[in-house]
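Undergrad: Can you keep this structure in mind? I'll have questions shortly.
The values are calculated or read from the model by the stated rules, or taken from the named source; none is laboratory data. Every value quoted in this text rests on a predicted model; they were computed, and no experiment measured them. When we count neighbours, we look across all protein chains shown, and the Cβ atoms used for this are built from the backbone with ideal geometry, even at glycine. For accessibility, only protein heavy atoms count, side chains too; no ligands or nucleic acids. Shrake-Rupley method; radii C 1.70, N 1.55, O 1.52, S 1.80 Å.
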Amino acid sequence: MYMQNDIVAAATKGPHITPSRVDPVERRAELELVIAAATLAIPKATMKKLGKLSIAEAMDDDDHSYFGQIRSEPVGKSGIEFRYPMPARNTGSRDLEDTIQNVVDGATRVAQMATQLKKYVELMREAANEAIAPASGGISPMRIVAIGITPSPVEDNVLMTVDVEMLGCNLKRGIDRAAEHSVERVEKRLEKLAAMHAERSKVLAQTMVAGGTGWIDDAAVRIIDAAGLPRADILAMMEDERQVEFMFGGEEGYDLMGGVHWEDGTMRGYIENRDRNGTYRLEANQLLIPSKGLPSTIIADLVGRRLREVVDIDAIPPSALILAVEESGEWLYIDLEIGRSLIEHVVPAID
């Protein structure tokens, strides 16, 4: 073993689960307030063209500025919806009066454009269908569910949105979204989503054959256990979350940062210790540790070895296989192959 991590797990207080960055109750209340106020402010004749305003639901609502949107019903015969972006990360900090007025102005503009919208729909639908074609078959076909537009005083700055139903990172179907300022960029975004869906479809097939619903890697299991968290509780939280973060270790339970997240059907782990005597970080399948001046010949020789031959960290599987090592400054970036199990095989162990 070239390096030894001498940290011994201290009596843990906690653990402390990190609250969501955005309170979902506050988030929904803010959206509903804007919708209600805008609906009252928009003339009835305009609302007749738009139909009911509502929340345009999507997966990973807190990750991207365009995911949180307010929608109308399809306008006229075009089939296109009015959309207004309301990023989740701005919840509680936006000027609601300005937001409501912007919704009113945008919705009114779309209603006035009703006869011109067909050209946007035709261009976007043709491009979207072509982009998702490789993922539109198989055991869980990807499909277009809605097309939207957010007007701008500058015509060339119109935001175009295409909602697609596809497999999420937890292998459950949900709505993902491509929102860009040109048809070409929407198409490129959808091509990336289609590639992601195709890969997840392969994982879904493997999972179904194995008789499960998803996977969890050995690092995630060890990190959950090291934190003293019941596996079943974390897995229940991950039914509806993309990630769960927590602090644990030490006298107060804040020495280590940890977490689990979904990545294409597999729940992966994250752990970081910043103690000057044992700094390390594992994120998914990459481990960061100090190089401690190891010669390049020794570093090159690490590939193909088990992690236990290099460093001993309780929360990281010693059987992990080293696939690649890169030195940068005083650090080693070690890519690992980490074993995984069906989620259903992990939970019964503590039931």
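Undergrad: Restricting to the range 170-183, name every residue that is part of a helix (DSSP H, G or I) and at pLDDT 95 or above.
TA: Filtering the range 170-183 down to residues part of a helix (DSSP H, G or I) leaves 183.
Within the range 170-183, no residue meets the criteria.
Undergrad: With Y120, Y84 as the choices, which residue is surrounded by 14 or more Cβ atoms within 10 Å (Cβ to Cβ) and in contact (Cβ under 8 Å) with a residue 60 or more places away in the chain?
TA: On the way: Y120 fails: in contact (Cβ under 8 Å) with a residue 60 or more places away in the chain.
Only one candidate passes the filter, namely Y84.
Undergrad: Okay, next question. Quick one: would you say A131 is modelled with pLDDT of 95 or more and on the phi < 0 side of the Ramachandran plot?
TA: Working: modelled with pLDDT of 95 or more: yes; on the phi < 0 side of the Ramachandran plot: yes.
Yes, satisfied.
Undergrad: Within the range 260-288, can you find the residues that are modelled with pLDDT under 90 and either assigned to a strand (DSSP E or B) or among the charged types (D, E, K, R) (or both)?
TA: From the range 260-288, those modelled with pLDDT under 90 are 273-279; that's our starting set.
N273, R274, D275, R276 - these are the residues of the range 260-288 that are modelled with pLDDT under 90 and either assigned to a strand (DSSP E or B) or among the charged types (D, E, K, R) (or both).
Undergrad: Kindly indicate whether any position in the range 173-194 is of a type outside the set (F, W, Y), closer than 25 Å to L336 by Cα, in contact with a helix residue (DSSP H, G or I) (Cβ under 8 Å, 6 or more places away or on another chain) and in contact (Cβ under 8 Å) with a residue 60 or more places away in the chain.
TA: No, because not a single residue in the range 173-194 is of a type outside the set (F, W, Y), closer than 25 Å to L336 by Cα, in contact with a helix residue (DSSP H, G or I) (Cβ under 8 Å, 6 or more places away or on another chain) and in contact (Cβ under 8 Å) with a residue 60 or more places away in the chain.
Undergrad: Scanning the range 77-103 for residues that are in a loop (DSSP other than H, G, I, E, B) and of a type outside the set (G, A, S), which turns out nearest to T39 (Cα to Cα)?
TA: As a first pass, look at the range 77-103 and keep what is in a loop (DSSP other than H, G, I, E, B): 77-79, 86-87, 91-95.
Restricting the remaining residues to those that are of a type outside the set (G, A, S) gives 77, 86-87, 91, 94-95.
Working: K77: 22, M86: 16, P87: 20, T91: 20, R94: 19, D95: 18 Å.
Here the answer is M86.
Undergrad: Looking only at the range 260-319, which residues are under 24 Å from R242 (Cβ atoms), surrounded by fewer than 17 Cβ atoms within 10 Å (Cβ to Cβ) and without any contact (Cβ under 8 Å) to a residue 40 or more places away in the chain?
TA: Scanning the range 260-319 gives E272, R281, E283.
Undergrad: Could you look through the range 250-259, keep only residues that are open to solvent by less than 20 Å² (accessible area, probe 1.4 Å) and assigned to a strand (DSSP E or B), and pick out the one that is farthest from T207 (Cα to Cα)?
TA: Taking the candidates together, the pick is G258.
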